[in-house]
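The values are calculated or read from the model by the stated rules, or taken from the named source; none is laboratory data. Keep in mind it's a predicted model, so treat the numbers as computed, not measured. Virtual Cβ from ideal backbone geometry, glycine too; neighbours counted across all protein chains shown.
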Amino acid sequence: MTNSSSTQTPSAQPQQSYPAPAGPAAASLVPLLILLFVLVILIIGAGLLYVTIAHPSLATPLTVAVAGVTLVITIVGAIAAFLAIARR
């Protein structure tokens with residue numbers, strides 16, 4: 001009694017499937033994510049500006065707002081760079 005699965009020819013082995021190319025829905029997702037990111041950054045900056053205006057002893061309002069937004073952008077940029085390297 002022979003096992004036919006162990007004697008398969010190379011042409012009988014299952015072929016590796018590749019993912020389908022991204023369609024128009026995936027292409028329109030990237031600009032929406034960028035818009036969402038920009039809006040979140042603006043909300044965080046506006047919140048920091050409000051807090052510094054309400055409590056002037058913290059620092060010059062625009063300096064603190066810019067520093068907070070810069071920190072968020074730096075963190076997101078580092079995460080994006082890590083993900084880009086990890087995909088290779």
Self-check item: Restricting region 47-73 to residues that are small (G, A, S) and within 28 Å of the chain's Cα centre (by Cα), the residue that is surrounded by the most Cβ atoms within 10 Å (Cβ to Cβ)
Solution: A65
Exercise. Kindly check whether there is at least one residue in region 10-21 that is under 20 Å from the mean Cα position of the chain (by Cα) and at pLDDT below 75.
Key: yes
